[in-house]
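Asks: Could you have a look at this structure, given as structure tokens, before my questions?
Since every read-out is calculated from the coordinates, none of them should be taken as a lab result. Source: prediction; values computed, not measured. Here Cβ is always computed from backbone atoms with ideal geometry, including for glycine, and neighbour counts include all displayed protein chains.
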Amino acid sequence: MRHALYRSARQRFTARRLLGLGAFVAVLYAFLDYTVDGIVAVCIALAAVELVGAATDTDAIPDRHVKTLVGAVVLVGSVALAVAFTRAGDGELWLPAATALAGAWFLADAAADARSDDSADPLDDVDSRSDVMETLNHANRVATALEDGPLTREELHDACDLDPERVDDALDVGTEQGIVVHDGDRYELDRSELGTVAFVRGLVTAPVRRVLRPARVLLD
């Protein structure tokens with residue numbers, strides 16, 4: 001993982017890119033009347049963005065480690081920003097407070113990922129975009145077969161003309177999306193998760209559930 005991150009950093013932090021970032025900071029200081037504290041805050045923010053970008057580009061780093069890095073950098077940047085605002089005599093500390101909360105959320109979400117397996121997306125194990133589309137197509141075939149009533153895995157294998165592994169992947173996707181439920185060894189569609197009303201409800205509840213997920217997992 002360390003070597004993969006090193007390669008990603010070398011590819012990202014080219015001389016041209018570093019010179020561009022330096023020129024950007026110089027313009028802020030020379031022409032926009034930024035204070036030294038303000039420049040320090042900007043440099044911390046740029047470093048955070050670049051470090052997160054390098055970690056994200058490294059496939060060998062698990063998502064929870066990237067979230068930990070994001071949370072830690074955002075928290076440090078929030079403290080630096082609060083110090084800069086305080087020294088400048090600006091009492092508006094709501095921005096660093098808000099970013100500190102965001103950093104704490106990323107750390108909590110990373111901890112929730114480490115504690116629970118439900119953070120895994122069933123599509124994460126799929127190797128390519130074409131395979132993702134194929135899995136989604138199989139999930140649609142399984143959902144169509146379930147429109148006539150509950151079926152077992154074996155019955156779905158026959159109804160969809162798919163091998164057991166493909167059906168299992170499709171059921172994992174359907175279960176993760178909440179449109180397929182199972183009672184014992186039989187699977188069926190959750191009608192409450194289908195249609196326009198369910199779609200609109202999902203637009204509202206999905207973000208809320210995502211924000212509350214760290215607390216739900218860590219307090220369970």
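Asks: Short version: ³J(HN,Hα) in whole Hz for each residue of the stretch 165-177, in order, from phi by Karplus 6.51 cos²θ - 1.76 cosθ + 1.60 (θ = phi - 60°), x for Gly and Pro, what are they?
Replies: Karplus-based 3J(HN,Hα) across the stretch 165-177 equals 5, 5, 5, 4, 4, 5, 5, 4, 5, x, 5, 4, 7 Hz.
Asks: Suppose each label sits 7 Å from its Cα in the direction of the beta carbon; what would the Ser116-Phe24 distance come out to in nanometres?
Replies: Going from the Ser116 label point to the Phe24 one covers 3.5 nm.
Asks: So, one more: Measuring from label point to label point, each 7 Å out along Cα→Cβ, what is the Arg17 to Phe31 span in nm?
Replies: 2.4 nm
Asks: Next question. Got a sec? Which residues in the stretch 134-171 would a label at Gln177 touch, if it sits 7 Å along Cα→Cβ and we count backbone N under 12 Å?
Replies: Label zone hits: 134-144, 170-171.
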